[in-house]
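Here's the structure, in structure tokens; my notes come after.
The values are calculated or read from the model by the stated rules, or taken from the named source; none is laboratory data. For clarity, every value in this text was computed on a predicted model and none was experimentally measured. Here the Cβ is made from the backbone with ideal geometry for all residues, glycine too, and neighbour counts use every protein chain on show. Areas reflect the complete protein model, heavy atoms only, side chains present, ligands, DNA and RNA absent. Shrake-Rupley method; radii C 1.70, N 1.55, O 1.52, S 1.80 Å.
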Amino acid sequence: MGEYALAPRLKIELVTIFPRMFDGPLGESMIKRAVEQKLVQVEAIDLRLFAEGRHRQVDDEPYGGGRGMIFKPEPLFKAVENLRNRSGHTRPRVILLTPQGRQFNQELARELAQENHLILLCGRYEGVDERVRTGLVDDEISIGDYVLTGGEIPALVLTDAVVRLVPGFLEEETLVEESYAAQLLEYPHYTRPPEYRGMRVPSVLLSGDHGRIALWRRQQQLERTRKRRPDLLKKAELSPADQRYLDSLDSLNDQ
Ligand code: SAM
């Protein structure tokens, strides 16, 4: 951890009908520490507090018929307006988690880590009234091409990925080398013992030669990305030496 800010660097408010779902994941390990140290503030907001009536109903049947229930617009609008009002001068970025949104990735996580305040809206059932999309949110984000029962897990995924990129959370060097940092996957890691069940640690890593180790790691990154995610290589910043190495792998393949 780096220096601790007096005011949190980033505030994330998670609007949900299941606020307790966040207790476990946010109450452990590094995110818990970042919250305790006031680097970030993460708060689950109960959507029902903004619903009317004895039953505090947040959902209703779809117009035109069909299966399932839809989140009504009023509680979500009221929740966001309330959170905006109490946020003072910061302008929160309001995000709806939805499988129809743009795909979340490390680049988007980096962009969101630059914000001061995020409000994440977690849908349930068949989703939310379309007017929430058109009249309330700044962004719609999906965590992948599959459908979950609710937006809480996607909101946690986004929170975890974004919080670890907030300046001061991790050491800079960790972020420079890890997967997706420069559109490359990370190199393989090994720890003790040097041999396990006949599988040896590559000798270069035991050599103590930092130059050779750095070169090996870079080449492993290139090789791994080329094999597993060739799409990333097209966007990666490659040096002439990187390019030569990739060309040598291509020519090996051609033989
Ligand atoms: N009927 C909706 C559709 O087909 O687009 C899916 C609704 S889903 C069962 C309920 C809620 O889970 C959504 O409103 C959204 O908040 C969340 N959700 C499900 N899958 C998601 C994903 N891949 N990314 C982000 N949010 C997701």
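Could you please let me know if E140 is at pLDDT 95 or above and touching a Gly at 6+ places or on another chain (Cβ under 9 Å)? Against the criterion (at pLDDT 95 or above and touching a Gly at 6+ places or on another chain (Cβ under 9 Å)), E140 qualifies.
Exactly one residue out of V132, V157 is of a type outside the set (K, R), in a helix (DSSP H, G or I) and out of contact with any helix residue (DSSP H, G or I) (no Cβ under 8 Å at 6 or more places or on another chain), and it is V157.
Among the conditions (1) near the ligand (Cβ under 9 Å from one of its atoms); (2) more than 30 Å from M69 (Cβ to Cβ), P193 misses just one, which is (1).
Listed by first and then second residue, the pairs linking a residue in region 59-75 that is closer than 18 Å to V137 by Cα to a residue that is aromatic (F, W, Y) and part of a loop (DSSP other than H, G, I, E, B), with Cβ atoms under 9 Å apart and 6 or more places separating them unless they lie on different chains, are I70/Y63; I70/Y125; F71/Y125. Scanning region 178-196 for any residue that is without any contact (Cβ under 8 Å) to a residue 60 or more places away in the chain, in contact with a helix residue (DSSP H, G or I) (Cβ under 8 Å, 6 or more places away or on another chain) and assigned to a helix (DSSP H, G or I) turns up nothing. If only residues of region 203-249 that are of a type in the set (D, E) and surrounded by fewer than 10 Cβ atoms within 10 Å (Cβ to Cβ) are counted, the one that is nearest to the chain's Cα centre (by Cα) is D231. Could you check R54 against (1) open to solvent by less than 90 Å² (accessible area, probe 1.4 Å); (2) in a loop (DSSP other than H, G, I, E, B) and say which number it fails? It is condition (1) that R54 fails. Could you check region 66-108 and list, in sequence order, the residues that are within 14 Å of the ligand (Cβ to nearest atom), surrounded by 15 or more Cβ atoms within 10 Å (Cβ to Cβ) and under 30 Å from R229 (Cβ atoms)? Correct list: I95, L96, L97, T98, P99, G101, F104, L108.
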